[in-house]
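Here's the structure, in structure tokens; my notes come after.
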Amino acid sequence: MRSLATGFKKEGKTVGLVPTMGYFHEGHLSLMRRARQQNDIVVVSIYVNPLQFGPKEDYKEYPRDLDRDKALAEGVGVDVIFAPSDEEMYFKDHSVFVDEVSMTDVLCGKSRPGHFRGVLTVVAKLFNIVLPDRAYFGMKDYQQLKIIERMVRDLNFPVEIVPCPIVREEDGLAMSSRNIYLAPEERKSALSLSRSLKMAKELIEKEGIDADKIKKMIVEEIKKYPYTKIDYVEIVDADSLKPLTKESKKALIALAVFVGKARLIDNTVVDIK
Ligand code: AMP
């Protein structure tokens, strides 16, 4: 991959990277299409990174289908798929990690200790292997996007981060490889995530922001549905991921909910004046 990448550089070609864990859906494909529009070469990495899964999480069950992914990526004009093995990615005595210390103790970082350390470490490695000019990340994983932007800023990676909007099913469910875990009845309950976020957004636009009231409304709405177990519902400043202040311009409403065994996340960003 590195020698391909240096070849592209020598030829003066721009490279767009879409890092993924595979099992593609329209969300992934939207990132690839965006990368296709903006770069000479599009590289998609497919790697289920063991470092970002906790010991009780779904690393083993995480869905994988490389042949299907290859066909889908080819269909949107991807040039290179980089799908390394664990042995290629990590030395047995790997001992250097990337940590962010200001935005990782909230939201998913709080529920999944070590998760963002795993994400940042693998993304830093991918940037050094693929040498992209641009890298594409979905706003579905909003906290991940913010923390990666911070890494790029603080460690001077010569990469432009391109945020991409959340892609949803027609009924509002945010697309996720983990939606495959949902039984039909659970999938109905899972709609409460996007629905409650939509209700929250409308309420804020009408009445202004009262974080406690909105959080309570979302929790009540989600709890109405069977198979749901709330991990967190939070409203924070969308730039700092810290509590809202009078200076806050945008609020992030983010939630994580177990629906059956699937841990689903969703969010929305609201302008506050
Ligand atoms: P994953 O394979 O789940 O690690 O996701 C790879 C990339 O796709 C990440 O940047 C995600 O934020 C992005 N992504 C996943 N689901 C969606 C979605 N529904 N809409 C937009 N981007 C997404």
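The values are calculated or read from the model by the stated rules, or taken from the named source; none is laboratory data. Since the structure is predicted, the reported quantities are computational estimates derived from the model, not experimental observations. Cβ placement follows ideal geometry from the backbone for every residue including glycine, while neighbour counts extend to all protein chains displayed. These area figures cover heavy atoms from the full protein model, side chains too; ligands, DNA and RNA do not enter into them. Shrake-Rupley method; radii C 1.70, N 1.55, O 1.52, S 1.80 Å.
For the reader, a short list of remarks on this structure follows.
- Residue match in the stretch 215-236 (condition: in contact with a Leu (Cβ under 9 Å, 6 or more places away or on another chain), within 21 Å of ILE147 (Cα to Cα) and open to solvent by 40 Å² or more (accessible area, probe 1.4 Å)): yes
- Qualifying positions in the stretch 120-140 - closer than 26 Å to ARG2 by Cβ and open to solvent by 20 Å² or more (accessible area, probe 1.4 Å): LYS125, ASN128, ILE129, LEU131, ASP133, ARG134
- Selection from the stretch 164-174 of residues that are closer than 14 Å to THR268 by Cα and within 10 Å of the ligand (Cβ to nearest atom): CYS164, PRO165, ILE166, VAL167, ARG168, LEU173, ALA174
- Against the numbered list (1) more than 25 Å from ILE166 (Cα to Cα); (2) crowded, with 17+ Cβ neighbours inside 10 Å, ASN39 comes up short only at (1).
- For the stretch 125-180, a residue qualifies if it is among the polar types (S, T, N, Q) and in a loop (DSSP other than H, G, I, E, B), and the qualifying residues are ASN156, SER176.
- Within the stretch 21-78, the set of residues being within 10 Å of the ligand (Cβ to nearest atom) and either on the phi > 0 side of the Ramachandran plot or among the β-branched types (Val, Ile, Thr) (or both) comprises GLY22, TYR23, VAL44, ILE46, VAL48.
- Helices (runs of 4 or more DSSP H) wholly inside the stretch 1-91 containing at least 2 residues that are of a type in the set (Lys, Arg) and modelled with pLDDT of 95 or more: 2-10, 26-38, 66-75
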